[in-house]
Amino acid sequence: MPVQSVERLTIERLTADDLKSNLGDIQGGILEEYETLASAYVFYTVETPEGGRDWLKSLLDHVTSSADARSGHSPKQTMNIAISAFGLKALGVSEESWMSFPHVFREGMAARAHRLGDTGPADPAKWEGGLGTADIHVMVNLTGLDAASVDLWRQQVSAAAIEYGVKQRHVVEAAVVFDQRSGCPAAHFGFVDPISQPAIAGLDEGHPGDGAREGNGWRSIAPGEFLLGYENELGEVTATPTPHSLGVNGTFIVFRKAAQDVGGFRKYLKQGAMNLWGKDDLAHQEKMAAKIVGRWKSGCPLALSPDQDNPELAADPNRVNDFDYADDPEGLKCPLGAHLRRANPRKSKITSAADVNRKRMIRRGLEYGPPLPEGAPDDGVSRGQAGMIIVADIELQFEFIQAEWIQKGDFIGLPTEEKDPLIGANGDGGQFTVPGADMPFLFDIRQFVTVEGGEYFFAPGLSALRGLANGQYSGD
Ligand code: HEM
């Protein structure tokens, strides 16, 4: 494992200029997407602090850094470690350090269910595998080239953990699902994803649209929005827990396992298209799907091509994200309430005083369950997204977006009760406004995504992980 110089870690204010020299201390998969194709999210319960720390020590040499991931010969298998608030306690972290973590992290995702809209079928009482309970201490994310090799490795890691009194509590296996048409990574609903990820200052310039709007161009977002110890968009250092070395180069991971009702989604497209335009042929179903997401399945944004898909535009990284909605205040091209526009409103007029450049998130994760081929009847098989949202501030970024933008409508001039049509808790019938359609209001949109479990995790920098393993932050 690369060793970070002590001087660097004591710097209280890291900036974009420091980022590249810190990549050896930042866990891999945060700032970059691995090129591996399969993944296992393995959740462990630690029985004793000593056992847990010794177990971490045994794993340290296997943990992949961002520098490893960017080394030019991308690793064929990767391991990364993140710890829940219950896990920090189980590892014996001192009360002072523990209390210095943000309160929403310490409470855990299940305790925040009401704010997040995780109610009804997504109620934490129904979550699987102990997710959301005090049993989930450590998430080990393994990735590899195929499901079989990842599973073999997972079995080895879990078997070795037992001798430290660490037990595998749950596992979610996931893989890249490829879009049948474009061959690009896609979500089960059939949309190319991800496309839009924040460009991070000091790392790369990204493509037009990835960063923050500046004049007619774009600039990268300050690293402190995604990493602890760095300057953020306000020019302030994102708070780190105590001591500083525990937080620096670390971040928070919001893990959410979200089931996708692919059969229900496809069925609804027909019904929704008929209600909006009085036609339910394939072209209108595709249009209905695009209105829900804000992109055509190819990834082509409605903001740039509202009336028809443009696969050529979708394939051009310099164009596919280069829009800001400023020319579409009424949502005639891209509905105000489309998933994409809610999750990143760019230059849309919003009523809340939020700074959109401080509401960005890195999205990672893969799909679980087998794809449902186009045209196949619903098979009732469980499938969805094992998603990781990476942010420096869970409350200001993920929770704000989920609670205020995904589960409500008023921030963008829609009725409060109107929720995200793709991932909102729409129960048996939610509202979706599609300006410009013959009948622009739908009142029967279904719930297509249901959270089956999740947790907030802290992904320490590699030096901090070693410190945790060595008992450097322990109270005993
Ligand atoms: C099963 C659940 C989900 C599915 C199927 C889904 C699907 C998609 C798709 C197809 C895109 C367009 C591709 C792209 O622009 O990168 C997208 C973008 C995005 N989604 Fe989701 N998503 C899900 C959950 C979430 C959640 C929980 C959040 C955050 C609360 C979120 C935030 C975003 C953001 C920030 C973007 C990019 C917006 C932009 O920068 O323009 N998504 N999602």
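General observations
- Beyond 36 Å, the tail of the calculated P(r) for the chain holds 26 percent of the Cα pairs.
- Rounded if a/c under 1.5, otherwise prolate or oblate - region 32-119, Cα gyration tensor axes: oblate
- Helix 49-59 axis, angle to the chain major axis (alpha carbon atoms, nearest 10°): 70 degrees
- Cα long-axis angle, helix 147-162 against the chain (0 to 90 degrees, to the nearest 10): 40 degrees
- In degrees, nearest ten, helix 262-277 long axis to first principal axis of the chain (Cα): 30 degrees
- Lys76-His103 FRET efficiency (beta carbon distance; Förster radius 56 Å; 0.05 resolution): 0.90
All of the numbers you see were taken from the coordinates with simple rules; none came from a lab. As the structure is a computational prediction, the values presented were derived from the model and not from experiment. Glycine gets a Cβ as well: all are built from the backbone with ideal geometry, and neighbour counts include every protein chain shown.
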